[in-house]
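Notes follow once the structure below has been shown.
The values are calculated or read from the model by the stated rules, or taken from the named source; none is laboratory data. Please read these numbers as outputs of a predicted model, since none were measured by experiment. Note: ideal-geometry Cβ built from the backbone for every residue, glycine included; neighbour counts use all protein chains shown.
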């Protein structure tokens, strides 16, 4: 085994919630719910071990496992940037402890992508060439859009966009409690995106632009007035169009908002996120109904972390 490679890297990556109502494909939050991924360089072969979410299926995927594919691509990108020609490591052992629910709108695929990139950067002897900007660009290439990968990589509240120079993001500090309502059912992101129209009325686009600006101000300035947050989380671009694919989630959002709680669909759904506390949710138990895993979370300020450092 080449001594050039790091031996082992353990990465912790947060769940994320994108859109936050009006910030479609732009806003994202990192949340205090984490997957833990350990990658070891071995003498040869590939071993994939998964505990938790998706363990039975994902353990059998081998080279088709998303993190393995991302590791391979990240090693290639580092070689390209460094001009090293080192290639792939002799062997890999991937161990995952998955806590982020899959296909629920909490960024599980983005977490896997960021975990693979950050682990590859820690293990490759020239990994330093893949700085955060390059890591965000690669993650966006793989995921397709930056709204989930940006908060997963950077932590906090992020505003992400893509332009001629590629994917970019601004990170903002945020200390905020939320409650997520996770249903048993899943929803593929591709199906949710397929329900969106190609064009929307100008008035709806203008309304969302104003609400997104208000939401950034409300969250970062510490405004706790639920009336302001209710207005700031109004959306006309995506939630209504996706409601037929997740009627229970859409109805829960309506019930919570009618009770004065700022609630939105998390990412592509079907999880619902509310800017509130668990005690406030418990006080309106009839409005919430049954069938939801209610989980209080905070905003994760760190994003993806390597702990301990690769050796």
(message) Please count how many residues of the stretch 238-275 are in contact (Cβ under 8 Å) with a residue 24 or more places away in the chain and over 20 Å from the mean Cα position of the chain (by Cα).
(response) 13
(request) With the condition kept exactly as written, say whether any residue in the stretch 20-29 is surrounded by 17 or more Cβ atoms within 10 Å (Cβ to Cβ), touching a helix residue (DSSP H, G or I) at 6+ places or on another chain (Cβ under 6 Å), farther than 22 Å from residue 141 by Cβ and modelled with pLDDT of 95 or more. (result) yes
(message) Which residue is nearest to residue 137 (Cα to Cα), if the candidates are limited to the stretch 55-78 and must be buried (at least 17 other Cβ atoms within 10 Å of the Cβ) and in contact with a strand residue (DSSP E or B) (Cβ under 7 Å, 6 or more places away or on another chain)?
(response) 71
(request) Would you mind telling me which numbered condition in (1) touching a strand residue (DSSP E or B) at 6+ places or on another chain (Cβ under 6 Å); (2) in contact (Cβ under 8 Å) with a residue 60 or more places away in the chain; (3) closer than 27 Å to residue 190 by Cα residue 103 fails? (result) (1)
(request) Count, please, the residues in the stretch 75-118 that happen to be in a loop (DSSP other than H, G, I, E, B) and either over 25 Å from residue 297 (Cα atoms) or not assigned by TED's automatic domain parsing to the domain that holds residue 45 (or both). (result) 8
(message) If the requirement is being surrounded by 19 or more Cβ atoms within 10 Å (Cβ to Cβ), over 30 Å from residue 245 (Cα atoms), at pLDDT 95 or above and under 15 Å from the mean Cα position of the chain (by Cα), which of these qualifies: 115, 111, 135?
(response) 135
